[in-house]
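The values are calculated or read from the model by the stated rules, or taken from the named source; none is laboratory data. Model, not experiment: these values are computed from the prediction. Neighbour counts run over all protein chains shown; Cβ positions are idealised from the backbone, glycine included.
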Amino acid sequence: MRPPRNKKNKNKSANRNSGPRDAAPNRGRDGSFRPKPKHASKTETREAAELVPRPRKTGIRPSEKLPIILETQPDEDYALLDTGDGLKLEQYGSMRLVRPEQQAIWGRSQPDSEWDAATALFTGDTDEEGLGRWRFSDERTGETWPMAFDGIPYFGRFTSFRHVGVFPEQAAHWRNMSKAIHSANREIRVLNLFGYTGVASLVAAAAGAHVTHVDASKKAIGWARENQAFAKLENKPIRWICEDAMKFVQREVRRGNTYDIILLDPPAYGRGPNGEVWQLFDHLPDMIDGCRDLLSDQPEMLVLTAYAIRASFFAIHEVMMDSLTDFKRKGLVESGELIIREKYRNRALSTSMFARWTPEERP
């Protein structure tokens, strides 16, 4: 199954968490949240954002450390085998996949035989609704197959948006979170926003945390519940909530609920269950402020990952720094990129940006 050489993928790839996603309101001049008009255009939305400046913060900023590069190395569950010509060759358990990768602007290193052995190729062909298709080397290949992360089972699945239900570059965050939960010696509450298929929620629950998983997609929540059952973690305390993430955060703040760890993994653009529009550049600062207000008196971490946006990681770094200015606890903001290392040539593929706040006194 040989992918084409030197052909750019003409279709616009969907956001990494494609499908219904969450929206957020504007912040008023007094710092309060102010809903935007339901049918505001993108231009109107940006103009409104420009007319409503955020509250100025002149207090003590967190400590900072950057740039930080967090790597995902190949293992028995996942490996990035080769990249190049706008494509990537990956091993997900028993499946070998070829998918588009716009950042792989260099040439491939492995022979065609390695690529020809792929189980499935995302063709990039589109139908009326812009959804891609998979082409399989064996027509008997099923839609779903078993996968695992650090011994925690879950289901991989071929989707029309080229994703398969897990983003392996998140491994560094998940392992760091699991370590924090194990070492806390107390009950840890985790909030996983834009939680998708729930692998991070399962990792947290397996480590002993009480987890609240929020996603605006009913389909993603259903997949996450399947993963929980497959991992035999039904007895673990996980709340599955299908709701607009911003609305959930605002309600939790009003109720006075708090969390020790918050994972925030929003798309660049998306829609909520009631048609709400999420624009990362417009709504992220308010979302970070809401998450800050949800951190407990003994917080462990607040982690933000951003995909598919044309910006430097400094942008999300400064958003996090600004939001945590004058926070109740001293802390450290570390920002940089998540990368995956190739198995054979050790080349690095950058996948996303991140910013992570942790208490400064934490080792």
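Of note:
- Single residue of region 305-315 satisfying the filter (at negative phi and assigned to a loop (DSSP other than H, G, I, E, B)) that is surrounded by the most Cβ atoms within 10 Å (Cβ to Cβ): 307
Yes or no, residue by residue, for (1) in contact with a Leu (Cβ under 6 Å, 6 or more places away or on another chain); (2) surrounded by 19 or more Cβ atoms within 10 Å (Cβ to Cβ):
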position: 289; (1), (2): no, yes
position: 295; (1), (2): no, yes
position: 303; (1), (2): yes, yes
position: 322; (1), (2): no, no
position: 334; (1), (2): no, yes
position: 340; (1), (2): yes, yes
position: 346; (1), (2): no, no
position: 358; (1), (2): yes, yes
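- Selection status of residue 292, assigned to a strand (DSSP E or B) and closer than 24 Å to residue 356 by Cβ: no
- Conditions (1) surrounded by fewer than 16 Cβ atoms within 10 Å (Cβ to Cβ); (2) closer than 19 Å to residue 169 by Cα; (3) modelled with pLDDT under 95; number of the one not met by residue 128: (2)
- Single residue of 115, 106 found to be assigned to a helix (DSSP H, G or I) and touching a residue at least 60 places away in the same chain (Cβ under 8 Å): 115
- Of all residue pairs spaced 6 or more apart or on separate chains, those with beta-carbon atoms under 7 Å, a first member in region 318-338 that is touching a residue at least 24 places away in the same chain (Cβ under 8 Å) and under 26 Å from residue 72 (Cα atoms) and a second member that is in a loop (DSSP other than H, G, I, E, B) and among the hydrophobic types (A, V, I, L, M, F, W, C) are 331/324; 333/324.
- Among residues of region 154-200, those that are in a loop (DSSP other than H, G, I, E, B) and either aromatic (Phe, Trp, Tyr) or under 17 Å from residue 142 (Cα atoms) (or both), counted: 11
- Verdict on residue 251 being basic (Lys, Arg) and touching a helix residue (DSSP H, G or I) at 6+ places or on another chain (Cβ under 8 Å): no
- Qualifying residue in region 71-87 (condition: at pLDDT 90 or above, surrounded by fewer than 18 Cβ atoms within 10 Å (Cβ to Cβ) and not in a loop (DSSP other than H, G, I, E, B)): yes
- Matching entry among 150, 215 (being of a type outside the set (Gly, Ala, Ser) and either surrounded by fewer than 20 Cβ atoms within 10 Å (Cβ to Cβ) or more than 21 Å from residue 266 (Cβ to Cβ) (or both)): 150
- Taken over region 327-350, the criterion of being outside any strand (DSSP E or B) and among the polar types (S, T, N, Q) is satisfied by 346 alone.
- Of all the numbered requirements in (1) without any contact (Cβ under 8 Å) to a residue 24 or more places away in the chain; (2) surrounded by 19 or more Cβ atoms within 10 Å (Cβ to Cβ), residue 229 misses one, and that requirement is (2).
- Matching option when the condition is under 20 Å from the mean Cα position of the chain (by Cα) and within 29 Å of residue 310 (Cα to Cα), among 109, 160: 160
- Restricting attention to region 289-321, the residues being within 23 Å of residue 247 (Cα to Cα), at pLDDT 95 or above and not hydrophobic (A, V, I, L, M, F, W, C) number 8.
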